[in-house]
Structures are given as C-alpha cells and as structure tokens.
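What follows is a single structure, written as structure tokens, with notes after it.
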Amino acid sequence: MGKPGGIDIIIPIYNAFDDLKACVESVRRHTDLEKHRLFLVNDASSDARIRSFLEASRSKTIIVIENETNMGFSGSINRGIGHSDRDVILLNSDTLVTAGWVEKMVACAYSAR
C-alpha cells in the first residue's frame, strides 16, 4: 500500500477554549493546510467563545461541523470521519503538535515491519 495524499485531522471539541485555541494555532503553524484538511467538530459547547473562534477559523481547508446536541467523543469523531474521504488523524483539543508531526505519523503508519 502506498502513502496517501492529504490527511484529514479531526478534533472533537467540548469547551476548553484556551486549550482549543492553542491546539488549533499549533496545527496551523506545523501543518501544511494546503495539502491536509482540519475538521473541527463542536460538540454543542456551552462556551460562546468556541463558536466565535470556530467561525473565525473556517476556511477552504478548515471545516467546522456543529453538533446540535452533545454526542460525546465517539459521536463527534464519527461525524468528522463521516465527512472524510482520506486517512484521518484524531487529536484531542488540548494537543499541541510540533514540526513535521503529520509526516512522521504517516511514515510510521505506512512503514513495513
């Protein structure tokens, strides 16, 4: 099996505004969002800052998905996966990524043992 093209990164979100903001900023800084896509799945967060931040983040390759009711972690990631036609990476919204993180994960996932 060959390596994939772009990767879809799915982040389920429930509140934790400061962590989410730091996470998205690290993904933007260390990810080629011309090649990869970011799916931000808001799981009916009660913090109004979340929706404003997500709307401001929306772009051609940053897709915002809003759950009308809280679906929990599994329900949220499944919604994100349902919008994807690529390999996916799941991130918690408090994750901070570093340079080359996607490429390193892809290399590991597609390495022969």
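The values are calculated or read from the model by the stated rules, or taken from the named source; none is laboratory data. Not measured: the values here are computed from a predicted model. FYI the Cβ positions are ideal-geometry reconstructions off the backbone, even for glycines, and counts take in every protein chain you see. Areas reflect the complete protein model, heavy atoms only, side chains present, ligands, DNA and RNA absent. Shrake-Rupley method; radii C 1.70, N 1.55, O 1.52, S 1.80 Å.
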Identity of the residue in the stretch 36-58, without any contact (Cβ under 8 Å) to a residue 24 or more places away in the chain and either more than 26 Å from Met105 (Cα to Cα) or among the hydroxyl-bearing types (Ser, Thr, Tyr) (or both), that ends up most open to solvent (accessible area, probe 1.4 Å): Arg51
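Could you list all residues from the stretch 42-97 that are among the aliphatic types (A, V, I, L, M) and farther than 16 Å from Ile9 by Cα?
Ala44, Ala48, Ile50, Ala56, Met71, listed by residue number.
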With the checklist (1) in a helix (DSSP H, G or I); (2) at pLDDT 95 or above; (3) in contact with a Lys or Arg (Cβ under 8 Å, 6 or more places away or on another chain); (4) among the hydrophobic types (A, V, I, L, M, F, W, C) in hand, flag the one item Leu54 doesn't pass. (3)
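Condition check ((1) out of contact with any strand residue (DSSP E or B) (no Cβ under 6 Å at 6 or more places or on another chain); (2) outside any helix (DSSP H, G or I); (3) open to solvent by less than 80 Å² (accessible area, probe 1.4 Å)) across all residues:
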residue: Ile63; (1), (2), (3): no, yes, yes
residue: Asn70; (1), (2), (3): yes, yes, no
residue: Ile77; (1), (2), (3): no, no, yes
residue: Val106; (1), (2), (3): yes, no, yes
Inspect all residues belonging to the stretch 10-22 and state whether any of them is outside any strand (DSSP E or B), open to solvent by 20 Å² or more (accessible area, probe 1.4 Å), over 19 Å from Val97 (Cα atoms) and not aromatic (Phe, Trp, Tyr). yes
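May I ask you to list the residues in the stretch 95-104 that are part of a loop (DSSP other than H, G, I, E, B) and within 20 Å of Leu40 (Cα to Cα)? Give the derivation first.
First, the residues of the stretch 95-104 that are part of a loop (DSSP other than H, G, I, E, B): 95-100.
Passing the criteria: Thr95, Leu96, Val97, Thr98.
Return yes when Leu40 is assigned to a strand (DSSP E or B), at pLDDT 95 or above and in contact with a strand residue (DSSP E or B) (Cβ under 7 Å, 6 or more places away or on another chain) and no when it is not. Don't jump to the end; show me each part of the working.
Values: assigned to a strand (DSSP E or B): yes; at pLDDT 95 or above: yes; in contact with a strand residue (DSSP E or B) (Cβ under 7 Å, 6 or more places away or on another chain): yes.
Yes.
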Can you name the number of the only condition in (1) over 14 Å from the mean Cα position of the chain (by Cα); (2) in contact (Cβ under 8 Å) with a residue 40 or more places away in the chain; (3) under 12 Å from Ser93 (Cα atoms) that Gly5 fails? (3)
